[in-house]
1. I'd like the accessible area for residue 152: 1.4 Å probe, protein heavy atoms, all chains in place, Å² to the nearest 10.
2. Per residue, how much accessible surface does the stretch 17-117 expose to a 1.4 Å probe? Answer in Å², no decimals.
3. Report, in deg cm²/dmol and to the nearest 500, the calculated mean residue ellipticity at 222 nm for the chain, where each DSSP H run with n ≥ 4 adds -39500 (n - 2.57) and the sum is divided by the residue count.
4. So how long is each side of the stretch 111-206 along the principal axes, counting just the alpha-carbon atoms, biggest first, in Å?
5. Within the accessible area of the chain, what % is carbon and sulfur when the probe is 1.4 Å and the other protein chains stay in place?
6. Could you do me a favour and compute the accessible area per residue for the stretch 123-232, 1.4 Å probe, result in Å²?
7. For the stretch 11-21, in order, what is each residue's ³J(HN,Hα) by Karplus, 6.51 cos²θ - 1.76 cosθ + 1.60 with θ = phi - 60°, in whole Hz (x at glycine and Pro)?
8. Could you bin all the Cα-Cα distances of the stretch 180-232 into 5 Å bins starting at 0 and give me the percent of pairs in each, rounded to whole numbers?
Amino acid sequence: MTLQSRIRDVENQLEQACLRSGRLREDVQIIAVTKYVSVGTAEAVVQEGVTHIGENRWPNAKAKWDALKGQATFHYIGSLQTNKVKDVIGKFDYIHSLDRLSLAEAIHNRAQVLDIKVPCFLQVNVSGEQSKHGLAPEEVAPFLVELLRYDRIRPIGLMTMAPYESEPEETRPIFRALRQLRDELNQLSILNEPLMELSMGMSNDFEVAVEEGATRVRLGTVLVGKEEMEEG
Ligand SMILES: *Cc1c(COP(=O)(O)O)cnc(C)c1O
């Protein structure tokens, strides 16, 4: 399958999911997750007009960032070690994995040096799986209160990863719970600006996530394929 046909198929599925749920296509943004593909493929993705790129590890992302900076918007979607903050902040436009105060402090300090603000998604472990990163749902409100101390961090929404299900429909309660959590948090008015964004949905389950209100879907395999690559 060619890159163009994959993008076209995803676009059709996305439009259908928007139609089914009465949403506007422009309210859902595709992030192309390029962690499984080469720099050349990532460049081709941007050429095809998908200009939001997601990566989960800095060593693998570096060559793509060098090749595409200025042409693409970069999303850091993997778990972020505090000692990697200096590599990532200032290069990635969005962080999707803010899940602890030590990380918030490190991001804030680095952003202060660079004199920037950093839009962040709070990662929430809705499913409660041990293997998954993220705050427990009940931890998010107190976490937002603590975040007020770090004015270089701009909390814009929530992110989650659903467990892999062979039947995507089974992920629906996870996505619905994330949306409800966002709406409940906004009722508390902890922040000046409401949390608008929901980063949820991957190759296997993005249509369900869109039906449940995703504003960003993070698509790897289904959109850009998967290539054999050297670790590097
Ligand atoms: C790899 C990854 C994705 C994309 O995975 P696919 O199933 O290939 O679409 C999305 N989000 C995160 C956090 C990832 O690590």
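The values are calculated or read from the model by the stated rules, or taken from the named source; none is laboratory data. Bear in mind the structure is a predicted one, so any value in this text is a computation, not a measurement. Backbone-built Cβ (ideal geometry, glycine too); neighbour counts: all protein chains shown. Side chains included, ligands, DNA and RNA excluded: accessible areas come from the protein's heavy atoms. Shrake-Rupley method; radii C 1.70, N 1.55, O 1.52, S 1.80 Å.
1. Solvent-accessible area, nearest 10 Å²: 50 Å².
2. Working: 4530 Å² over 101 residues.
Per residue, the stretch 17-117 has an accessible area of 45 Å².
3. Numbers: 9 runs with 91 residues, N = 232.
The per-residue figure over the chain is -11500 deg cm²/dmol.
4. Its Cα atoms span 45, 29, 23 Å along the three principal axes.
5. Working: 5170 of 11180 Å².
Here carbon and sulfur together make up 46 percent of the probe-accessible area.
6. On the way: 5600 Å² over 110 residues.
Here the per-residue accessible area is 51 Å².
7. Ordered by residue, 3J(HN,Hα) equals 4, 5, 4, 5, 4, 5, 5, 5, 4, 4, 10 Hz.
8. For the stretch 180-232, the binned pair fractions read 4, 18, 18, 15, 14, 11, 8, 6, 4, 1 percent.
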